[in-house]
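One structure is given below, encoded as structure tokens.
The values are calculated or read from the model by the stated rules, or taken from the named source; none is laboratory data. All values derive from a computational prediction rather than experimental measurement. Virtual Cβ from ideal backbone geometry, glycine too; neighbours counted across all protein chains shown.
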Amino acid sequence: MKNEITPNNLPQDFENLTEEEQKILVEWCSKISKTKNINRGKSSYGLKHIFEYSEIGFYISNGAFKGAMLKAGFNHKNRDENGLNWYFNYSDKSLKEIMVNDKKLRNRFRHLFQAKKY
């Protein structure tokens, strides 16, 4: 089933990463500033892709990303009724700053950083 919770969607999947991968991922997540409120802009699934496309990125499951965000001290709310994807209390501004300072992310998501013409 498409929206089924599988083991790789559980935060415990973080433990299946190597110690080095865990360290890299948690450090990356920790660079994102926390906010008081949950940000509903990007879910765990969208954020995991941003990490994967970064200069230090590698494939991770949605669950591994959720586990890393918990280790980094973020709060969360379910995006879906079944908890497949989560929202976190992260700052859009700090995420964009990380993206601008990462060459691979800046190139991949350049449309987000171009000045708007009116």
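Details
- Residues that are surrounded by fewer than 20 Cβ atoms within 10 Å (Cβ to Cβ) and assigned to a loop (DSSP other than H, G, I, E, B), drawn from the range 31-53: 31, 33, 40, 41, 42
- Scanning the range 54-80 for residues that are crowded, with 18+ Cβ neighbours inside 10 Å and either touching a Leu at 6+ places or on another chain (Cβ under 7 Å) or in a helix (DSSP H, G or I) (or both) returns 54, 60, 62, 63, 64, 65, 66, 67, 68, 69.
- Residue that is nearest to residue 42 (Cα to Cα) [pool: residues in the range 84-97 that are in contact (Cβ under 8 Å) with a residue 60 or more places away in the chain and crowded, with 17+ Cβ neighbours inside 10 Å]: 95
- Given (1) at pLDDT below 95; (2) of a type outside the set (S, T, N, Q); (3) in a strand (DSSP E or B), number of the condition residue 5 does not satisfy: (3)
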